[in-house]
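As structure tokens, the structure follows; a few thoughts come after it.
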Amino acid sequence: MVVGVTVGFVFAAERRQLILEMVRANGAVSLRELARVVQTSEVTVRRDVRALEAEGLLDRRHGGAVLPGGFTRESGFPQKSHLATAEKTAIADLAASFVEEGEAVVVGAGTTTQELARRLARVPGLTVVTNSLLVAQALAHANRVEVVMTGGTLRGSNYALVGSGAEQSLHGLRVTRAFLSGSGLTAERGLSTSNMLSASVDRALVQAAAEVVVLADHTKLGTDTMFQTVPTDVITRLVTDEPPSHDDRAATELQALADQGVHISVAGPGAGAPAGAVPGPGPEQVPQQQRRRDVPPLPGQRRTHGGHHPLPPGGPAAQSGGGASPPSQLRSAGSLGAEPPTARVADLAPRRR
């Protein structure tokens, strides 16, 4: 919930001070919420925000205001749940298609992973380890899915368990793959978040998995936040949506991630549809392989990190030719490399230097 108070008529200076206090308290606040609290129009609030930005006191972002600087504070769940909802739905649909019956996976906290959990409820024999109350709630009534919660201290802003209790409960755990989201993703630093406790638990989740799948919509591409959670060389796959044609930053970041060997799957209506295909009325009625395109990692650029098993180009077939195999207790480890024959592969070649 956004922290704020309802006030009567105030002068511009007082109004702007209230706006600044709300942003400092919440990290990010929409113009609509600001206008409601200070009891004025969104036009007036927009003018106030612009003036505060000129003074370097805050930054304007997507119909709202955030703390200044590139390393922004994490928004609360109420704010994030209303951002890029269509994109998160498409990403969750595609990410769920990589999970097989009988697997054991870890799912981190976040609004996108919550959407994924709703789809995982239909996978029989699945075991999901999570530190997210929202993920657990989405799976609570799934009869054939076992949910394992970490310990820890509840962090109310995102309904996640954090702290040493959460991290210790993950020691000795080994699962097929981890699904994580965060506040930002860059090719230089990988996945990052704005909260130290959340970052520490996410790193523990990564250590428990043979493969790491990052779920991030295009608005997070190129955004860098304070605490690194997953370095780029540890990310097996990125599931994202198609950036708008004018979003050069996101497109550039996708290219850079592909250059570093991250396998990129792009979700969206018709992303992988055959030529001349007519989209159906809804995503649930369109086969997954017709709604995505995949960018394979470039040969020779994945590195072994902390005992993880990197995904060789060509998927499981390439593994059979030699090299160490994943532990036998892992179901389908490495199966992310296997693509349906009808999936279209986008041509993201490394740029000339």
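Bear in mind that the values in this text are calculations on the coordinates, not laboratory data. Being a predicted model, the structure only gives us computed values, none of them experimental. As a convention, Cβ positions derive from the backbone with ideal geometry for all residues, glycine included, and neighbour counts pool all protein chains shown.
Please find the FRET efficiency linking residue 85 to residue 32, where r is the Cβ-Cβ separation and R0 is fixed at 22 Å, and quote it to the nearest 0.05. My answer for the efficiency is 0.90. Each 10 Å bin from 0 upward holds the following percent of the Cα-Cα pairs of region 155-271: 14, 45, 30, 10, 1. Mean separation of Cα pairs under 8 Å and 6 or more residues apart, divided by the residue count, gives region 110-242 a relative contact order of 21 percent.
Nearest 5 percent is fine: what portion of the DSSP beta bridges confined to region 156-254 is antiparallel? Percentage antiparallel, nearest 5: 40.
Would you mind telling me the antiparallel percentage of the DSSP bridges in region 105-226, rounded to 5? Counting DSSP beta bridges with both partners in region 105-226, the antiparallel share is about 30 percent. Computed extension gain for residue 14 through residue 101, at 0.36 nm per residue and net of the alpha carbon distance, reaches 25.5 nm. The tail of the calculated P(r) for region 90-198, taken as Cα-Cα distances beyond 20 Å, holds 37 percent of the pairs. Fully extending the segment from residue 168 to residue 143 would add 6.2 nm, taking 0.36 nm per residue of separation and subtracting the current Cα-Cα distance.
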